[in-house]
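The values are calculated or read from the model by the stated rules, or taken from the named source; none is laboratory data. Just so we're clear, the structure is a prediction, and the values are computed from it rather than from any experiment. Positions of Cβ are backbone-derived with ideal geometry, glycine not excepted, and every protein chain shown enters the neighbour counts.
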Amino acid sequence: MMRAKNQNGISVIELLISMVVMGFIMSLAVVEFAMVFKHNDLTNANLTAEQNARIAMAKVSNEFRQAMPNETDFTGPDYPMVIVPAAPSVPPGPTVTTIEFWRVHKGKGGMAAAPKPIPTNAKGAPVPCYDDVTLAYDAAADTITRKVDSTGCALGVVKTDILARNVTAFGVTPLSAQNILFQIDLSTTPSKGKHGTYDLSTQVAMGFTPQ
């Protein structure tokens, strides 16, 4: 009687066990990949929120630093420069979400000398025309808008545009009784999604000191 030769192979039970183990390993891999992608999304969102905050702060502070005392439309040593917020009697003053200030007009009659020079007074001192600039926070739209009123200049108009987007909080606090030092605080979110906010703060000092 001839014996049957041993045949190497995998039984059904062994195959099922292998499939279960493989499925468990694949599920762990899927979870790991999902966590990696989620972490990547959060990192990108944080970077985007930070970038939005720094861009918004740069635009606001650059605009605010252009404030100049209006020596054309007013007389006296205390020429107005910042209209809103008002100078606090005891600093710091209340925080506001709108700032308004005077700025030398960039077009004709202001800093643009061509085709005519900047106007001067009887003593030869320059008397340029000024823009009334307002930066206002819109909490509903998460934006900071800029309004430039140059109607006091030749061919002047009122222009409004959006200076910054994705802004969830904005405030300006006067820190000096002379209204020449201000703290700006703002918060932003990523351009896509709502993964959190990024907070940023800076101070702006004016070069002109009222008498």
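Within segment 26-70, the set of residues being farther than 18 Å from R165 by Cβ, modelled with pLDDT of 85 or more and either in contact with a helix residue (DSSP H, G or I) (Cβ under 8 Å, 6 or more places away or on another chain) or not hydrophobic (A, V, I, L, M, F, W, C) (or both) comprises R65, Q66, P69, N70.
Examine segment 90-104 for a residue that is surrounded by fewer than 19 Cβ atoms within 10 Å (Cβ to Cβ), of a type in the set (D, E, K, R), more than 21 Å from S61 (Cα to Cα) and out of contact with any helix residue (DSSP H, G or I) (no Cβ under 7 Å at 6 or more places or on another chain), and state whether such a residue exists. Within segment 90-104 (the criterion being surrounded by fewer than 19 Cβ atoms within 10 Å (Cβ to Cβ), of a type in the set (D, E, K, R), more than 21 Å from S61 (Cα to Cα) and out of contact with any helix residue (DSSP H, G or I) (no Cβ under 7 Å at 6 or more places or on another chain)), the answer is no, since none of the residues qualifies.
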